[in-house]
Amino acid sequence: MKQINIANTEMKASQIVLGCMRMNEPGRDAAKIIQTAYDHEINFFDHADIYGGGECETIFAKGLKETSISRSDIYLQSKVGIRPGIAFDFSKQHIIEAVEGSLKRLDTDYLDALLLHRPDTLVEPEEVAEAFSMLEKAGKVKAFGVSNQNPGQIELLKTAVKQPLHINQLQFGLKHTGMVDTGINVNMDNQAGLVRDSGILEYSRIQNMTIQAWSPFQYGFFEGPFVGNTEKFPELNAKLAELADQYNSTPSGIAIAFINRHPANMQTIIGTMTISRIIEVTDASDIVLTRDEWYALYQAAGNLLP
C-alpha cells in the first residue's frame, strides 16, 4: 500500500486509515479486525472520545493487546471537542481532560495525532494554544490538526496556536464532492459553483495539510452507502463495476481509488468492521486511475462539467 508523509511530520502512514467508530458494535472481534488491517498494511487508526461514549477506544486497546502488533508499529489518532448533550467545547480544560481520558482508554502514553472535532464557534484560540502546548510538552501528543474546519477557522486558531496544524478531516467521496465542485465551476451561475468551504481543498494543498477523507461510501447526511445502490445510483454503480472488472478489483475499491487519485495526497478513512471489506479495499489501494477514468466517475456520480 502507498504510504504518505503526514504534512511536515515524521509519520509515514498508510494512505488508508481504519476508522474505529463502529468497533463497539455487537459481534465484532476487535483483535481480528486490527490484525487484518495491519496485515494489509494499514498502520493508522482513527478514534474520537465520543465514539461509543469512549467504549470504542477501550475495546481497541484490549483488542490490540491480543494481536502481535506493538504500539510503536502503529499511529493512533483521536479527536476531542464534542460534548454529548452540551455541544462543542474547545476550552483548555475540556481538551486536556478529554485527551487524558482517551489516553487512559487507549492504554497508551501518547497520541500520534490529536484533532479538534468539528468547529466550536465559541473557541478562544489562546485556550487551545495553552492546551496544545501543555500536551506537547508533556509528550502526550505528537502532532495536531482539526476536523471539518474551513480556512478562516484554521487561520483563527493559528493566531495563537504555535504548533503546526498538520491534518484536516473532511468528508469526501464520489457522492460528496463539494470541495472539488467549486474549483471546477469557478464563477459559474449554478449550485456547484457556490463556495461553501472557503476553498478548503486548495488551502490544504497550499498549507501542506493532509486531508483525511471520511465517509467515502456515503451519500447525503449519513443516508446510506451508494456502492451497490443500483436503484438510486444506476449510472455510478455501472461505472464502478466496469472499472472494478478492468482493474480486477471491486466497486468499493474503485470508490477508494477515486479519492486516492487526487494529487492532494489524501488519506481515506474506512469505517468498516467487516474483515472481507477491509481486505478488498486495501487490496485496491494501489490502483491509479487515469485522468479520463477519474472524470468519468465524477460525471457518473451526477456531476456536470462546465
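Tally the DSSP beta bridges in the stretch 106-177 and give the antiparallel ones as a percent, rounded to 5. Display every interim value, and only then the final one.
Working: 1 of 10 bridges.
Close to 10 percent.
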*Once the Cα gyration tensor of the stretch 31-70 is found, what semi-axes does its equivalent ellipsoid get, as square roots of 5 times the eigenvalues, in whole Å, sorted largest first?*
19, 11, 7
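Round to the nearest 0.05 the FRET efficiency obtained for LYS62 and LEU194 when R0 = 51 Å and r is the Cβ-Cβ distance. Display every interim value, and only then the final one.
Values: r = 46 Å, r/R0 = 0.90.
Efficiency, rounded to the nearest 0.05: 0.65.
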*Amide hydrogen neighbours beyond the local backbone of HIS117, cut-off 5 Å, H modeled*: VAL80, GLY81, ILE82
*What is the Cα convex hull volume of the stretch 24-165 when expressed per residue in Å³?*
109 Å³
*How big is the stretch 121-161 by Rg and Dmax over its Cα atoms, in Å?*
10.6, 29
*What percentages, rounded to whole numbers, describe P(r) for the stretch 106-201 computed over all alpha carbon pairs with 10 Å bin width beginning at zero?*
15, 39, 27, 15, 4, 0
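Let's see if you can work this out: charge +1 on each Lys and Arg Cβ, -1 on each Asp and Glu Cβ, no other charges. What is the dipole magnitude of the chain about its Cα centre, in debye to the nearest 20? Mind dumping the intermediate values first?
Values: 27 positive and 38 negative charges, 49 e Å.
That gives the chain a dipole magnitude of about 240 debye.
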*Between TRP294 and LYS32, what FRET efficiency comes out of the Förster formula 1/(1 + (r/R0)^6) with R0 = 35 Å and r the beta carbon distance, rounded to 0.05?*
0.55
*Please go through the stretch 1-102 and write out the GluC sites (Glu not before Pro) that DSSP classes as loop and that have at most 16 other C-beta atoms within 10 Å.*
GLU10, GLU41, GLU66
*Are any of the pairs LYS65/LYS140; LYS12/LYS65; LYS65/LYS162; LYS2/LYS32; LYS79/LYS239; LYS32/LYS175 more than 28 Å apart by Cα-Cα distance, and if so, which?*
LYS65/LYS162; LYS79/LYS239; LYS32/LYS175
*Unit Cα scatterers, Debye sum, the chain: log10 I(q)/I(0) for q = 0.12, 0.14 Å⁻¹*: -0.80, -1.09
*How large is the convex hull of the Cα atoms of the stretch 183-276 per residue, expressed in Å³ as a whole number?*
140 Å³
*Name the residues whose placed amide hydrogens come within less than 5 Å of the amide hydrogen of PHE44, ignoring near sequence neighbours (fewer than 5 apart) on the same chain.*
SER14, LEU18, TYR75
*What is the spread of the Cα atoms of the stretch 222-306 along each of their three principal axes, largest first, in whole Å?*
39, 31, 26
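Can you tell me what share of the DSSP beta bridges in the stretch 52-150 is antiparallel? A percent to the nearest 5 is fine.
Percentage antiparallel, nearest 5: 20.
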*asked:* Please report the antiparallel percentage of the DSSP beta bridges confined to the chain, to the nearest 5.
replied: 20 percent
*Additional length obtainable on full extension of the chain from ASP73 to GLU231, 0.36 nm per residue less Cα span*: 52.6 nm
*List every residue whose amide H lies under 5 Å from the amide H of VAL141, counting only residues 5 or more places away in sequence or on a different chain, with H placed 1.01 Å from N in the peptide plane.*
LEU111, GLU136
_Packing-based ranking, highest mean first, of 272-280, 184-192 given that Cβ atoms within 10 Å are counted_ = 272-280, 184-192
*Identify the residues of the stretch 173-196 with backbone N under 19 Å of a label point that sits 7 angstrom from the Cα of LEU305 along the Cα-to-Cβ direction, or state none.*
174-193
_Square roots of 5 times each gyration tensor eigenvalue, C-alpha, the stretch 101-260, largest first, Å_ = 34, 21, 13
*asked:* Can I get the semi-axes of the stretch 2-57's equivalent ellipsoid? Compute them from the C-alpha gyration tensor as square roots of 5 times the eigenvalues, in angstrom, largest first.
replied: 23, 15, 6
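None of the figures in this text is laboratory data; all of them are computed from the coordinates on show. If you're wondering where the values come from, they're calculated on a predicted model, not measured in any experiment. FYI the Cβ positions are ideal-geometry reconstructions off the backbone, even for glycines, and counts take in every protein chain you see.
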